[in-house]
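See below for the structure under consideration.
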């Protein structure tokens with residue numbers, strides 16, 4: 001006679017073990033470095049920063065991409081944060097061949113305030 005509880009327990013135990021193995025394998029593939037650590041041993045080709053602090057979420061419903069006054073923008077703290085990010089990157093000696101920014105005003109302003117070089121605006125199209 002098949003014991004349902006034993007079978008159920010074995011199947012769930014197997015699933016849990018597989019799930020845990022996947023989490024452990026996946027978590028070992030994720031890297032997090034400070035800029036100081038990266039500067040000591042640079043690798044890769046991309047540093048991705050969305051933008052500095054811009055309070056809120058998304059943009060107003062009728063925003064116009066070419067009109068910053070209709071978008072969610074950096075506040076004073078976000079501007080100071082962008083300047084500080086640039087200073088830290090420069091202090092660590094990290095240099096970039098190219099800098100790209102999305103066309104949102106908060107992203108363009110972040111790129112400009114980091115003062116790491118001229119940024120090229122990219123478009124969604």
Exercise for the section: Go through the residues of the range 61-68 one by one and say whether even a single one is part of a loop (DSSP other than H, G, I, E, B), surrounded by 10 or more Cβ atoms within 10 Å (Cβ to Cβ) and either at pLDDT 85 or above or at negative phi (or both). Expected result: yes
Practice task
Please indicate, with yes or no, whether at least one residue in the range 75-93 is surrounded by fewer than 18 Cβ atoms within 10 Å (Cβ to Cβ), in contact with a helix residue (DSSP H, G or I) (Cβ under 7 Å, 6 or more places away or on another chain) and in a loop (DSSP other than H, G, I, E, B).
Solution key: yes
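Listed here are the residues, each with its yes/no results for (1) within 26 Å of residue 61 (Cα to Cα); (2) modelled with pLDDT of 90 or more.
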{"site": "81", "(1), (2)": "no, yes"}
{"site": "105", "(1), (2)": "yes, yes"}
{"site": "108", "(1), (2)": "yes, yes"}
{"site": "121", "(1), (2)": "yes, no"}
Exercise for the section: Working only within the range 94-125, note down all residues that are touching a helix residue (DSSP H, G or I) at 6+ places or on another chain (Cβ under 9 Å) and either in a helix (DSSP H, G or I) or touching a residue at least 60 places away in the same chain (Cβ under 8 Å) (or both). Expected result: 105, 106, 108, 109, 110, 111, 112, 113, 114
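The values are calculated or read from the model by the stated rules, or taken from the named source; none is laboratory data. Note that the structure is a prediction, hence the values are computed from the model and not measured. Heads up, the Cβs are rebuilt from the backbone with ideal geometry, glycines too, and the neighbour counts pull from every protein chain shown.
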